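To keep things clear, I will list the structure first and then write my remarks on it.
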Amino acid sequence: MTANPNLPTKPEPALREVPCRTVLNRTSLGDYSLNCYTGCTHGCAYCYARFMQRFHPHDEPWGAFVDVKVNAVEVLKRQLRRATPGEVFVSSACDGWQPIEAERRLTRRCCELLLEYGFRLNVLTKNRLVLRDLDVFARGDVRLGVTLTTLDQRLAALWEPLAATVAGRLDVLDRAREAGLRTAVMLGPLLPGLSDDRGSIEALLRAAAERDVGTIWLDALNARPRVWPAVAALLRSHFPDLLEPVRRTLFDRPRRQAYLAELGSRVSEAARNVGVAESVRACF
Ligand code: SF4
């Protein structure tokens with residue numbers, strides 16, 4: 001299969017160092033979210049964080065730039081003097097362990113601080129770099145999760161071109177469990193016509209069940225701002241027959257309602273078959 005058409009052929013990310021005013025923010029996804037970067041070079045076609053480009057304009061497409069919040073640690077230290085401890089989602093608008101983190105270590109240092117101040121961490125990533133920080137996570141209350149949209153590596157490489165392989169992400173779950181951490185998976189967005197059939201959902205759930213994953217979220221593909229053009233470009237190049245059905249699934253209201261109801265039934269049935277109904281939470 002050829003490369004994701006949404007990205008340049010040689011995706012050397014454009015790096016910018018920018019000071020931030022806050023790095024720990026209130027969110028509906030938990031008590032707080034922490035993002036040490038704007039932009040994410042994993043470049044997932046369906047990425048909902050694309051909306052950030054509206055507030056941080058770049059000439060490069062999503063996936064080809066990263067703004068590094070150079071003062072993130074100092075700003076967090078200041079914020080922690082007043083913040084009430086709670087759960088922090090790491091990260092909500094980027095992957096905190098995307099490749100630049102190997103060198104900058106901002107997410108690691110912020111996680112150290114948060115645990116020192118008694119905050120709980122809810123970590124979600126698609127990068128094996130997170131394993132570097134198991135020593136930090138051992139110091140507090142941390143749930144380590146990975147996102148999986150499919151077990152088919154050829155599909156994952158198209159939709160999430162620079163994220164860890166499927167096998168690599170499953171290994172993160174294994175290593176997190178061995179380290180005694182609570183684990184989670186985000187199975188989504190389930191890709192219409194590609195990974196949202198009952199067999200694919202059961203396979204994803206089984207992979208989670210085999211690893212005793214405590215929390216399993218599932219999500220449908222959503223037409224968040226700026227998502228459709230990227231998804232449409234990928235479909236046009238690789239799955240042209242799906243372009244129109246997926247468009248209608250996202251934008252035709254009655255069809256979408258019917259789709260989500262059917263998807264909910266498939267998820268419930270698959271969860272019962274795999275024996276994980278208690279752990280499953282559908283987010284749609
Ligand atoms: S890993 Fe997450 S934040 Fe990064 S591009 Fe993919 S969906 Fe977006």
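Each reported figure results from applying straightforward, stated rules to the coordinates on display, with no laboratory input. Bear in mind the structure is a predicted one, so any value in this text is a computation, not a measurement. Note that each Cβ is placed from the backbone with ideal geometry, even for glycine, and that neighbours are counted across all protein chains shown.
Quick rundown of the values:
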{"quantity": "Residue that is part of a strand (DSSP E or B) and among the basic types (Lys, Arg), where the choices are ARG206, ARG281, ARG175, ARG169", "calculated": "ARG281"}
{"quantity": "Test for THR249: is it out of contact with any Cys (no Cβ under 8 Å at 6 or more places or on another chain), β-branched (Val, Ile, Thr) and surrounded by fewer than 18 Cβ atoms within 10 Å (Cβ to Cβ)", "calculated": "no"}
{"quantity": "Residue within the stretch 128-140 that is assigned to a loop (DSSP other than H, G, I, E, B), surrounded by 24 or more Cβ atoms within 10 Å (Cβ to Cβ) and either within 16 Å of the ligand (Cβ to nearest atom) or not charged (D, E, K, R) (or both) present", "calculated": "no"}
{"quantity": "Test set (1) touching a Gly at 6+ places or on another chain (Cβ under 8 Å); (2) of a type outside the set (Gly, Ala, Ser); (3) without any contact (Cβ under 8 Å) to a residue 24 or more places away in the chain - PRO229 fails condition number", "calculated": "(1)"}
{"quantity": "Members of the stretch 101-121 found to be surrounded by fewer than 22 Cβ atoms within 10 Å (Cβ to Cβ) and within 16 Å of the ligand (Cβ to nearest atom), listed by number", "calculated": "ALA102, ARG104"}
{"quantity": "Restricting the stretch 24-78 to residues that are within 16 Å of the ligand (Cβ to nearest atom) and of a type in the set (A, V, I, L, M), the residue that is nearest to GLU112 (Cα to Cα)", "calculated": "LEU34"}
{"quantity": "Any chance ALA156 is without any contact (Cβ under 8 Å) to a residue 40 or more places away in the chain and either within 16 Å of the ligand (Cβ to nearest atom) or within 15 Å of the chain's Cα centre (by Cα) (or both)", "calculated": "yes"}
{"quantity": "Selected residue (criterion: farthest from PRO13 (Cα to Cα)) from residues of the stretch 94-127 that are free of Cβ contacts under 8 Å to residues at least 60 places away in the same chain, in a loop (DSSP other than H, G, I, E, B) and of a type outside the set (Ser, Thr, Tyr)", "calculated": "GLY118"}
{"quantity": "Residue among ALA230, ALA207, ALA223 that is among the small types (Gly, Ala, Ser) and surrounded by fewer than 19 Cβ atoms within 10 Å (Cβ to Cβ)", "calculated": "ALA223"}
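Residues checked against (1) free of Cβ contacts under 8 Å to residues at least 24 places away in the same chain; (2) crowded, with 23+ Cβ neighbours inside 10 Å; (3) of a type outside the set (Lys, Arg):
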residue	(1), (2), (3)
THR38	no, no, yes
ALA49	no, no, yes
ARG54	no, no, no
PRO57	yes, no, yes
PRO61	no, no, yes
ASP67	no, no, yes
GLU74	yes, no, yes
GLU87	no, no, yes
SER92	no, no, yes
